[in-house]
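The values are calculated or read from the model by the stated rules, or taken from the named source; none is laboratory data. Just so it is clear, the model here is predicted, and its values are computed rather than measured. Reconstructed Cβ throughout: ideal geometry from the backbone, glycine too, with neighbour counts over all protein chains shown. What goes into the accessible areas is simple: the full protein's heavy atoms, side chains included, and nothing from ligands, DNA or RNA. Shrake-Rupley method; radii C 1.70, N 1.55, O 1.52, S 1.80 Å.
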Amino acid sequence: MRSKDIVQARFGGKTALQSVVGGVVASAGLELFLHPHELIAGGMTGISALVSFHTEKQFGLLLLLFNLPLLLLYSFLGRKTAFRSVLPGLLAFSGSALLFAPLPAVSGEPVIAALAGGFCLGIGAGLAVKSGGLLDSLGLEHGDQIRPRIIMSSKLSPKHALVLCHAAVLVLAGAVMGWERTLYSALACIAAYETSAFMLWGMRRTVWVAVSRPDEVRIEVRKKINLDGELLTEHEGGDAEKRIFLRYAVHILDVPRFKAAVNRSDPGAEMIWLLPFELKRRP
């Protein structure tokens, strides 16, 4: 069994209610802050908004319509639970957008609207991913278990491909709506991404390190960032095959130095970074 499988087998825990709440919070950010100023988010949410602005079709219906084909593709490519995991949050996202659409804007200042809307979007997306769901089939949130790694074998990583998709949506928005609104939209996207990252990771990230030189790694990490790790072992078919792990909770500002210390003391070490919601033990 691979090191990552050993670690992930110990953790779990998902709730549809959390995904529903995330969908409602995200739609409030869009309809009460961003859309009244014709600001958009990235991904499929941004595409739906662009089409809605220029066709006067309901954004909530377009959001559901445009996300469904990709969800079908994810299911076909091996994520059999995609619909079951995503639909509660996605239905709440699109449904509450229909309810919030007639309400007036909360802020008349586009900068405040961009930041507040991005903040709400990030909270909603983070809640959805933490519960095992997803609000946008092209979202940048890292850690979801819905999207298969379709292009892992290519030189372009999935994250970079999604960033390019978001950038293309913003460029299209600039060509259609003007660059001033697009700059505010980019600010909203950054706020949403950073907020969702904080929701998922917090200030510390838990990492399991599969090592062959545990003593050297512990000494080097302690020397560089003054952090002690917990020594764990995992048996794989008998006492003869035993994996040694060190578990750390690393502050996000110390991650680069932590990686350097581990690689220096044990070049063959494997690091498995866990999201907070993966730390709930299965019953």
* Asked: Measuring from label point to label point, each 7 Å out along Cα→Cβ, what is the GLU38 to VAL163 span in nm?
  -> 3.0 nm
* Asked: At a probe size of 1.4 Å, how large is the accessible area of MET203, to the nearest 10 Å²?
  -> 90 Å²
* Computed accessible area, GLU109, all protein chains, 1.4 angstrom probe, square angstrom -> 110 Å²
* Asked: For LEU61 and GLU109 in one chain, what is 0.36 nm times their gap in residues minus the Cα-Cα distance, to one decimal in nm?
  -> 14.5 nm
* List, in order, the whole-Hz ³J(HN,Hα) value for each residue of segment 94-111 obtained from phi through the Karplus relation with A = 6.51, B = -1.76, C = 1.60 and θ = phi - 60°; use x for Gly and Pro. => 6, x, 5, 5, 5, 6, 7, 4, x, 6, x, 5, 6, 10, x, 9, x, 5
* To do: Pop out the ³J(HN,Hα) list for segment 29-38 in order, Karplus 6.51 cos²θ - 1.76 cosθ + 1.60 with θ = phi - 60°, rounded to Hz; leave Gly and Pro as x.
  => x, 6, 7, 9, 10, 7, 5, x, 9, 6
* Structure fact -> Karplus-derived 3J(HN,Hα) from phi for segment 44-55 (6.51 cos²θ - 1.76 cosθ + 1.60, θ = phi - 60°), whole Hz, x at Gly and Pro, runs 5, 5, x, 4, 4, 5, 4, 5, 5, 4, 9, 10
